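Data block below; observations after.
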Amino acid sequence: MNAIDSAAALAPRPMLINGAWVQAASGETIPVENPATRQPIAAVPRARAADVEQAVAAAQAAFPAWSRVPPRERGRALLRIADVLEARTEEIARQVATETGNALRTQARPEAQGLSQIFRYFGGLASELKGETIPLGEQVLSYTRREPLGVVGAIIPWNAPVLLAALKIAPALCAGNTVVMKAAEDAPLGVLLLASICQEHLPQGVLNLLTGTGPEAGEPLAKHPAVRKLSFTGSTAVGKLIMGWAAERIVPVSLELGGKSPCVIYPDVGEEEWIIDGIIAAMRFTRQSQSCTAGSRLFLHRKVFDSVLARLSAKVATLKLGDPLEESTDIGTIINRKQFDRVCSYVKEGLGRDDARLVVGGLPPNEGPLSKGYFAVPTIFADATNDWRLAREEIFGPVLVAIPWEDEAQMLRMANDSHYGLAAYVFTRDIGTALRTAHQIEAGWVQVNQAGGQVPGHSYGGYKQSGIGREFSLEGMLDSFTQRKNVSVNLALPPPPA
Ligand code: ADP
């Protein structure tokens, strides 16, 4: 890249406040890096409290009119946005791959393809914002209305940035709320592109998008007195802060937080080949396991422990790490230096333990092309116990621990012995066993004999410290983005005075 191109690439991209594309009030910016090259690729405004103030004021001003737009018309706006998102999928996918390091073929493109589905799903649900009538007798008409909450403050992470943005924007707007969203500092560019497409079909101020850091922009947003609902996806530590700030002024929160999900293999399927792909998919290895639903604790029955691990490690070793934009690449990079160092520290800890057996992977290469980016190698430690730090803490990187089991009750105790409870995976051909296990695992989402991603329509969210609330479905939209009002009307007035 020559000097002129490089200056153009770094010219700060604006953020969206009140329908206008603006810089931060302070004029400050933050750089965005391509984690595959460690080169800066853009700069975005560094929003602070003053910018939050403007964005919330815009959303507040836009709320009365937007909330009175007939729901079907709001739905039509989402459907129009969906058509553009579909047409521009590849552009969004490449932007996300470049800023996150997620491989285009395996992660960024499927993520971008999901956007139009999400907007279509919620666009079609606008007429389902129905209330009920309550049978209180012939003398009273008592009914409920589903009313929007007001300004929604939404904060998203970097791991699936545009998907998670869409999952908050579409239901919140469909229900008649207005939104101030803060993108993650590591991955704001795809979300800015998404917002620019949305803005073409929305009145000004209905959607506002801020870029900036958590403490400088996220915190004033979460604490703002005019924000009537907080919707947060990110770490459990920050989720606790958000919930605390929400408690100060009694506003509802939806939290989608971390996970340390069990992936359970029963012996009846242990020799079958599809299991290997299932474990890899559950672990989200092709997303560098930067997923809160990663099946990162592999409970392998002892009868098939060694044979599954042998085939699993052989298959994992064939996955190709490399340039995220290359079609042949299976696995891209970790998002940034901090996360990369964190993942490496867990691998080092595993390597340093006498009771850990490295099956595949290890520390990242420190020379060759992969050393230029934050490439972490898929790593599996065997013979782990469930009380290792590696088995308890969310690593958010490709480090899988394999734990042997024989007794089902004991395995279930270990699977549930976690402060997280987001997802789980169960593999067996015995449907009775599968469902018994699925029902006993403490997790918001259990998949049996598959390990796919979320699909619009299924209520998604966590048990325990993995979160509160559901956002992916009709019920999620109703519960998370509306409030019920009851209206009771006396139908038995005395006759008017003559
Ligand atoms: P991760 O470890 O995945 O980056 P975080 O919870 O730190 O998860 O970040 C998720 C989102 O929360 C990001 O948009 C980040 O800027 C924001 N965030 C981080 N710290 C705070 C904070 N103190 N207050 C509000 N938002 C925050």
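The values are calculated or read from the model by the stated rules, or taken from the named source; none is laboratory data. Predicted model, so just to flag it, every value in this text is computed and none were measured. Note: ideal-geometry Cβ built from the backbone for every residue, glycine included; neighbour counts use all protein chains shown.
General remarks:
- Residue in region 61-81 that is closer than 26 Å to TYR374 by Cβ, touching a helix residue (DSSP H, G or I) at 6+ places or on another chain (Cβ under 7 Å) and crowded, with 23+ Cβ neighbours inside 10 Å present: no
- The sole residue among ASP341, ASP323 that is closer than 29 Å to GLN39 by Cβ, within 16 Å of the ligand (Cβ to nearest atom), out of contact with any Leu (no Cβ under 8 Å at 6 or more places or on another chain) and among the acidic types (Asp, Glu) is ASP341.
- Among the residues of region 348-386, none is identified as out of contact with any helix residue (DSSP H, G or I) (no Cβ under 9 Å at 6 or more places or on another chain) and within 15 Å of SER296 (Cα to Cα).
- In region 306-314, the count of residues that are crowded, with 23+ Cβ neighbours inside 10 Å and hydroxyl-bearing (Ser, Thr, Tyr) is zero.
- Failed criterion for VAL347 (all others in (1) under 17 Å from LEU390 (Cβ atoms); (2) surrounded by fewer than 17 Cβ atoms within 10 Å (Cβ to Cβ); (3) not polar (S, T, N, Q) hold): (2)
- Residue match in region 120-128 (condition: more than 30 Å from ASN34 (Cα to Cα), hydroxyl-bearing (Ser, Thr, Tyr), in a helix (DSSP H, G or I) and in contact with a Lys or Arg (Cβ under 9 Å, 6 or more places away or on another chain)): yes
- Residue in region 362-377 that is nearest to the chain's Cα centre (by Cα), counting only those that are of a type in the set (A, V, I, L, M) and under 22 Å from LEU309 (Cβ atoms): ALA376
- Hey, LEU136 more than 19 Å from ALA58 (Cα to Cα) and either away from the ligand (no atom under 16 Å from the Cβ) or aromatic (Phe, Trp, Tyr) (or both) or not: yes
- Selection from region 450-498 of residues that are of a type in the set (A, V, I, L, M) and closer than 26 Å to GLN113 by Cα: ALA451, VAL455, LEU474, MET477, LEU478
- Of all residues in region 378-396, those satisfying the criterion of being assigned to a loop (DSSP other than H, G, I, E, B) and within 23 Å of the chain's Cα centre (by Cα) are PRO378, GLU393, GLU394, ILE395, PHE396.
- Residues in region 401-411 include none that are within 21 Å of GLN288 (Cα to Cα) and either in a loop (DSSP other than H, G, I, E, B) or acidic (Asp, Glu) (or both).
- Screening GLY432 against (1) among the small types (Gly, Ala, Ser); (2) assigned to a loop (DSSP other than H, G, I, E, B); (3) free of Cβ contacts under 8 Å to residues at least 40 places away in the same chain leaves a single unmet condition, (2).
- Output for region 227-240, where each listed residue is crowded, with 19+ Cβ neighbours inside 10 Å and part of a helix (DSSP H, G or I): THR236, VAL238, GLY239
- Just one of (1) within 25 Å of ALA226 (Cβ to Cβ); (2) surrounded by fewer than 19 Cβ atoms within 10 Å (Cβ to Cβ); (3) under 24 Å from the mean Cα position of the chain (by Cα) fails for ALA57. It is (3).
- Listed by position, the helices (runs of 4 or more DSSP H) enclosed by region 151-226 that each have at least 3 residues that are touching a residue at least 24 places away in the same chain (Cβ under 8 Å) and away from the ligand (no atom under 14 Å from the Cβ) are 161-174, 189-199.
- The combined condition, being under 19 Å from TYR420 (Cβ atoms) and either surrounded by fewer than 23 Cβ atoms within 10 Å (Cβ to Cβ) or outside the structural domain of ALA187 (by TED's automatic domain parsing) (or both), is fulfilled by ALA294.
Results for (1) crowded, with 24+ Cβ neighbours inside 10 Å; (2) hydrophobic (A, V, I, L, M, F, W, C); (3) outside the structural domain of LEU16 (by TED's automatic domain parsing); (4) in contact with a helix residue (DSSP H, G or I) (Cβ under 9 Å, 6 or more places away or on another chain), shown as yes or no for each residue.
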| site | (1), (2), (3), (4) |
| --- | --- |
| PHE119 | yes, yes, no, yes |
| LEU136 | no, yes, no, no |
| ALA172 | yes, yes, no, yes |
| THR178 | yes, no, no, yes |
| ALA183 | yes, yes, no, yes |
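- Some residue of region 465-485 being of a type in the set (D, E, K, R), crowded, with 16+ Cβ neighbours inside 10 Å and under 17 Å from the mean Cα position of the chain (by Cα): yes
- The residues of region 241-266 that are within 10 Å of the ligand (Cβ to nearest atom) and part of a helix (DSSP H, G or I), listed by number, are LEU241, ILE242, TRP245.
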